[in-house]
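The values are calculated or read from the model by the stated rules, or taken from the named source; none is laboratory data. For clarity, every value in this text was computed on a predicted model and none was experimentally measured. In this analysis, Cβ positions are derived from the backbone assuming ideal geometry, glycine residues included, and neighbour counts consider all displayed protein chains.
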Amino acid sequence: MEEAFAYLATLALFSFVLVGAALIRHEMLLIASIPPVFVAMITGFVMMLYAEDRFGLLSTGAALLLGAPAAWWCSRRFTNRHLLICVYLAWAVSMVLALIAFSFPDQA
(Lines give C-alpha, C1' and ligand atoms only; values in the text may rest on other atoms or scores of the structure.)
Protein backbone atom coordinates (compact mmCIF):
# COMPACT_ATOMS: atom_id res chain seq x y z
CA MET A 1 0.00 0.00 0.00
CA GLU A 2 2.78 2.41 0.91
CA GLU A 3 4.68 1.47 -2.23
CA ALA A 4 1.65 2.21 -4.40
CA PHE A 5 1.15 5.59 -2.74
CA ALA A 6 4.80 6.52 -3.18
CA TYR A 7 4.88 5.57 -6.86
CA LEU A 8 1.51 7.00 -7.84
CA ALA A 9 1.96 10.25 -5.91
CA THR A 10 5.35 10.68 -7.58
CA LEU A 11 3.81 10.12 -11.00
CA ALA A 12 1.08 12.67 -10.28
CA LEU A 13 3.68 15.24 -9.25
CA PHE A 14 5.80 14.49 -12.30
CA SER A 15 2.79 15.06 -14.55
CA PHE A 16 2.21 18.35 -12.73
CA VAL A 17 5.81 19.34 -13.47
CA LEU A 18 5.49 18.52 -17.15
CA VAL A 19 2.13 20.20 -17.72
CA GLY A 20 2.99 23.16 -15.50
CA ALA A 21 6.22 23.80 -17.39
CA ALA A 22 4.38 23.55 -20.70
CA LEU A 23 1.94 26.23 -19.54
CA ILE A 24 4.62 28.78 -18.64
CA ARG A 25 4.22 31.72 -21.00
CA HIS A 26 7.60 33.41 -20.59
CA GLU A 27 10.63 32.40 -22.66
CA MET A 28 13.35 32.81 -20.02
CA LEU A 29 11.30 31.08 -17.34
CA LEU A 30 10.57 28.29 -19.79
CA ILE A 31 14.30 27.78 -20.22
CA ALA A 32 14.67 27.73 -16.42
CA SER A 33 12.21 24.84 -16.25
CA ILE A 34 14.37 22.51 -18.38
CA PRO A 35 16.09 20.66 -15.45
CA PRO A 36 12.88 19.58 -13.67
CA VAL A 37 11.22 18.64 -16.95
CA PHE A 38 14.18 16.54 -18.06
CA VAL A 39 14.44 14.68 -14.77
CA ALA A 40 10.67 14.23 -14.54
CA MET A 41 10.51 12.77 -18.04
CA ILE A 42 13.34 10.27 -17.53
CA THR A 43 12.53 9.21 -13.97
CA GLY A 44 8.79 9.32 -14.58
CA PHE A 45 9.07 7.06 -17.60
CA VAL A 46 10.94 4.41 -15.60
CA MET A 47 8.54 4.71 -12.69
CA MET A 48 5.54 4.59 -15.01
CA LEU A 49 6.70 1.29 -16.53
CA TYR A 50 7.17 -0.28 -13.11
CA ALA A 51 3.91 1.12 -11.70
CA GLU A 52 1.92 -0.06 -14.71
CA ASP A 53 3.30 -3.57 -14.29
CA ARG A 54 2.90 -3.62 -10.51
CA PHE A 55 -0.31 -1.65 -9.89
CA GLY A 56 -2.16 -1.77 -13.20
CA LEU A 57 -2.80 0.53 -16.10
CA LEU A 58 -5.91 2.16 -14.63
CA SER A 59 -4.29 3.40 -11.42
CA THR A 60 -1.14 4.51 -13.26
CA GLY A 61 -3.16 6.41 -15.85
CA ALA A 62 -5.28 8.01 -13.14
CA ALA A 63 -2.16 9.17 -11.32
CA LEU A 64 -0.75 10.67 -14.51
CA LEU A 65 -4.01 12.47 -15.27
CA LEU A 66 -4.26 13.85 -11.74
CA GLY A 67 -1.45 16.37 -12.18
CA ALA A 68 -2.80 18.03 -15.33
CA PRO A 69 -5.87 19.80 -13.86
CA ALA A 70 -3.84 21.03 -10.91
CA ALA A 71 -1.18 22.46 -13.24
CA TRP A 72 -3.83 24.10 -15.40
CA TRP A 73 -5.47 25.66 -12.34
CA CYS A 74 -2.10 26.95 -11.09
CA SER A 75 -1.30 28.43 -14.50
CA ARG A 76 -4.57 30.38 -14.45
CA ARG A 77 -4.26 31.44 -10.83
CA PHE A 78 -0.56 32.37 -10.53
CA THR A 79 1.89 34.47 -12.50
CA ASN A 80 4.58 32.81 -14.59
CA ARG A 81 7.19 33.31 -11.88
CA HIS A 82 4.98 31.73 -9.24
CA LEU A 83 4.13 28.86 -11.58
CA LEU A 84 7.84 28.20 -12.02
CA ILE A 85 8.21 28.14 -8.24
CA CYS A 86 5.32 25.64 -8.05
CA VAL A 87 7.00 23.48 -10.69
CA TYR A 88 10.28 23.44 -8.76
CA LEU A 89 8.48 22.75 -5.48
CA ALA A 90 6.55 19.85 -7.01
CA TRP A 91 9.80 18.57 -8.50
CA ALA A 92 11.55 18.65 -5.11
CA VAL A 93 8.71 16.82 -3.36
CA SER A 94 8.45 14.27 -6.17
CA MET A 95 12.16 13.52 -6.00
CA VAL A 96 11.88 12.84 -2.26
CA LEU A 97 8.92 10.55 -2.93
CA ALA A 98 10.85 8.85 -5.75
CA LEU A 99 13.72 8.19 -3.36
CA ILE A 100 11.27 6.62 -0.92
CA ALA A 101 9.62 4.61 -3.72
CA PHE A 102 12.95 3.30 -5.01
CA SER A 103 13.89 2.13 -1.51
CA PHE A 104 11.11 -0.48 -1.36
CA PRO A 105 12.37 -4.02 -2.00
CA ASP A 106 11.42 -5.61 -5.32
CA GLN A 107 8.66 -8.20 -5.29
CA ALA A 108 9.63 -11.42 -7.00
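State which residue is surrounded by the fewest Cβ atoms within 10 Å (Cβ to Cβ) when the search covers only the range 1-54 and only residues that are of a type in the set (D, E) and touching a residue at least 24 places away in the same chain (Cβ under 8 Å). If we take residues in the range 1-54 being of a type in the set (D, E) and touching a residue at least 24 places away in the same chain (Cβ under 8 Å), then E2 is surrounded by the fewest Cβ atoms within 10 Å (Cβ to Cβ). Meeting the requirement of 1 or more residues that are of a type in the set (F, W, Y) and within 16 Å of the chain's Cα centre (by Cα), the helices (runs of 4 or more DSSP H) wholly within the range 23-95 are 34-55, 57-77. Within the range 63-84, if we keep just the residues that are without any contact (Cβ under 8 Å) to a residue 24 or more places away in the chain and surrounded by fewer than 14 Cβ atoms within 10 Å (Cβ to Cβ), the residue that is nearest to S33 (Cα to Cα) turns out to be H82. Only one entry in A101, A92, A108 is at pLDDT 95 or above and either in contact with a helix residue (DSSP H, G or I) (Cβ under 9 Å, 6 or more places away or on another chain) or of a type in the set (G, A, S) (or both), namely A92.
For the range 85-104, name all the residues that are polar (S, T, N, Q) and surrounded by 14 or more Cβ atoms within 10 Å (Cβ to Cβ). S94, the sole residue that qualifies.
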